[in-house]
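Here's the structure we're looking at; comments come further down.
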Amino acid sequence: MHVFVTGGTGHAGSHIIPDLVAAGHEVTALARTDESAAAVSALGAKARRGDLSDLDGLKTAAAEFDGVIHVGYRADLLQAGGIAALGDSELSIVLAFGEALAGTGKPLVVAGSIGAPTNVGREAPLVAPVSLGRPATEDDPALPARPLDAGTLRARNVVETAVVGLAERGVRSSVVRIPLIAHSTADRVGFLQILIGLAKEKGVIGYPGDGENRWPAVHIRDLASLFRLALEKGPAGKTWHAVADEGIRFREIAEAIAARLGVPAVSIPADELMVPGYFGFLSAVVTGDFPASNAITRKSLGWEPAQPGLLEDMDNGHYFPAG
């Protein structure tokens, strides 16, 4: 299969490309700059110069290939226009791909968010979204139920819903929901790195309240193999969970960071003053309880996570280089 990939130089894309190549697929990756073109070429892909803002170019590209994996996003819009502008852009991109692939039965696999299914409403902006009371499954709907669930979740969930809906137009479309923590030796700017940075800055690593809220996680190599399996054999209109650790207590994550950095792990009272004071822009998500199941994904696609789990990976030391 000849596959078109966006976001090929990012954390996910830079692992998806070599996974596809190792499985015998030919890969062409979108590259905006000479530097990006060189990077994807080094990963084993051909570079196709272009930009996510060029919807006509994306449609032309999609029509030429046997399938599309979309994990890129417009960082310029996130910085200039915020999450709403990014969400509008993402929707336009997936609909452009859908138009190009309509009626072909070709696969379109798009990155989604694992946090979405558990967010069924919140009472105030700094109060954690209400949990389902069980691990979210692949069959749980994407759309949040309350106006306060705007922002990242709404932007991403509208995209997820649009992608799944493309199945009705003859596209073998699917969404791979990615957890907040996708870890590896190549992780440079993810949520875990942000938490480690906060601990270094403040001299303590905080966890909200009792720290019993759970976050799922996945090794980026396992995530890459799931994108490939969804491309190769995933049925249309499905959602998959890239989850290896179904829910690690936030306190355990904090304690692992504390042990490596030699700083105390402390409870941050989960109220509207204390949580933002420590966590800053992360305050709206750190109190969330996001356990998620991977049972349907594993049964349907035969996906078996094979890489170290989050806590084991943190013990390997690469998140805490000497000096």
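The values are calculated or read from the model by the stated rules, or taken from the named source; none is laboratory data. Nothing here was measured: the structure is a model prediction, and the numbers come from that model. All Cβ positions, glycine included, derive from the backbone under ideal geometry; neighbour counts span all protein chains shown.
Among the residues of segment 208-230, is any outside any loop (DSSP other than H, G, I, E, B) and surrounded by fewer than 17 Cβ atoms within 10 Å (Cβ to Cβ)?
no
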Item checked: Candidate set from segment 264-276 (those that are outside any strand (DSSP E or B) and more than 26 Å from the chain's Cα centre (by Cα)); member that is surrounded by the fewest Cβ atoms within 10 Å (Cβ to Cβ) -> Leu273
Notebook entry, point to check: Would you say Ala45 is crowded, with 21+ Cβ neighbours inside 10 Å, touching a strand residue (DSSP E or B) at 6+ places or on another chain (Cβ under 8 Å), among the hydrophobic types (A, V, I, L, M, F, W, C) and farther than 22 Å from Lys238 by Cα?
Noted result: yes
Notebook entry, point to check: Residues in segment 74-93: is at least one assigned to a helix (DSSP H, G or I), in contact with a Phe, Trp or Tyr (Cβ under 7 Å, 6 or more places away or on another chain) and at pLDDT 95 or above?
Noted result: no
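A quick yes/no check of all residues on (1) in contact with a Ser or Thr (Cβ under 7 Å, 6 or more places away or on another chain); (2) in a helix (DSSP H, G or I); (3) modelled with pLDDT under 95:
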position: Ala155; (1), (2), (3): no, yes, yes
position: Val158; (1), (2), (3): no, yes, yes
position: Val163; (1), (2), (3): yes, yes, no
position: Ile257; (1), (2), (3): no, yes, no
Next item on the list: May I ask you to list pairs of residues, at least six apart or on different chains, whose Cβ atoms are under 7 Å apart, with the first in segment 253-282 being in contact (Cβ under 8 Å) with a residue 24 or more places away in the chain and the second being small (Gly, Ala, Ser) and exposed (fewer than 14 other Cβ atoms within 10 Å of the Cβ)?
Entry: Val263/Gly203
Check: Across segment 286-318, which residue is modelled with the lowest pLDDT among those that are under 27 Å from Gly262 (Cα atoms) and surrounded by 20 or more Cβ atoms within 10 Å (Cβ to Cβ)?
Finding: Gly288
Next item on the list: Could you please give the count of residues in segment 35-62 that are part of a helix (DSSP H, G or I) and farther than 24 Å from Leu86 by Cα?
Entry: 4
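State all residues of segment 1-38 that are over 17 Å from Gly50 (Cα atoms) and of a type in the set (A, V, I, L, M); if no residue qualifies, say none. Show your work before the answer.
Here is the first cut: in segment 1-38, the residues over 17 Å from Gly50 (Cα atoms) are 1-2, 11-12, 14-26.
Answer for segment 1-38, where residues must be over 17 Å from Gly50 (Cα atoms) and of a type in the set (A, V, I, L, M): Met1, Ala12, Ile16, Ile17, Leu20, Val21, Ala22, Ala23.
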Notebook entry, point to check: Is it fair to say Val27 is without any contact (Cβ under 8 Å) to a residue 40 or more places away in the chain and either small (Gly, Ala, Ser) or surrounded by fewer than 23 Cβ atoms within 10 Å (Cβ to Cβ) (or both)?
Noted result: no
